[in-house]
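Data block below; observations after.
The values are calculated or read from the model by the stated rules, or taken from the named source; none is laboratory data. Just so it is clear, the structure is predicted and the values come from calculations on it, not from any experiment. Backbone-built Cβ (ideal geometry, glycine too); neighbour counts: all protein chains shown. Note: accessible area is taken over every heavy atom of the protein model, side chains too, but ligands, DNA and RNA are not part of it. Shrake-Rupley method; radii C 1.70, N 1.55, O 1.52, S 1.80 Å.
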Amino acid sequence: MEPDHKNQGSDDEDALLICAVGDPAAFTPLVEQFSPALHGYFARRAPAAADDLLAEAWLQAFAARRTFDASRGSARGWLFGVARNVLAGHVRRAGRATAAAGPVELDPWQAVDERLDAAALAPELRRALADLPTEERELLLLVSWEELTPTEAAAVVGIPAGTARSRLHRARGRLRAHLAPVHHLTLAPATAVRADRKESA
């Protein structure tokens, strides 16, 4: 099962978003609570545009607040789903603007480098993540960096929770196999080590 310590917070967040349908003022606590996490999500993927993307995400979330359905997932997962759509739109626009220069890279390699205690090992982790299928990599980063539960990450990506857990397990196995020959690897607290502790049964 997923960690019990998040349940109460998730329930409160869901209630606030439900209230915001009829009382827009109820949206304010959500903005205060989730802005740091959402900004971090954008900063790790599109650092130069993080502030603008955060503002756009909150505008879209507020406009779409009536679409939130607590029976289909948590407020946290819903908000990160909005953020993912905003980021995807940004990447598409940037891709059109720089088509001649090649595809826009969505993976947050610079942030990956900064999270390594041993900078010399950054290329190994980069290669390990690059070898993962895109969806597995995104699930892993949502759980390890953004601290979503596997169920919330599944909702963000748009796949069943059971499928997400299976792909997370496979992704972690691939990372371990790739990095096994490398000695003395230490990851910062918000990487895959934390993800293992969060994995659902």
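List of remarks:
- Between Ala70 and Asp12, residue separation times 0.36 nm minus the direct Cα-Cα distance comes to 19.8 nm.
- Placing unit charges on each Cβ (+1 for Lys and Arg, -1 for Asp and Glu) gives segment 10-63 a dipole about its Cα centre, and among Ser35, Ala46, Ser10 the Cα reaching farthest toward its positive end belongs to Ala46.
- Net charge, Gly73 excluded, C-beta distance under 10 Å - Lys, Arg +1, Asp, Glu -1: -1
- In range of the label at His169: residues from segment 136-154 whose backbone nitrogen is under 12 Å from the point 7 Å along Cα→Cβ: none
- For segment 15-79, a crude dipole built from +1 on the beta carbon of Lys and Arg and -1 on the beta carbon of Asp and Glu, taken about the Cα centre, is about 260 debye to the nearest 20.
- Extension gain (nm, one decimal) between His178 and Ala88, 0.36 nm per residue minus Cα-Cα: 29.5 nm
- Cα centroid separation - segment 128-175 against segment 12-83, whole Å: 21 Å
- Accessible area (Å², 1.4 Å probe, nearest 10) - Thr163: 50 Å²
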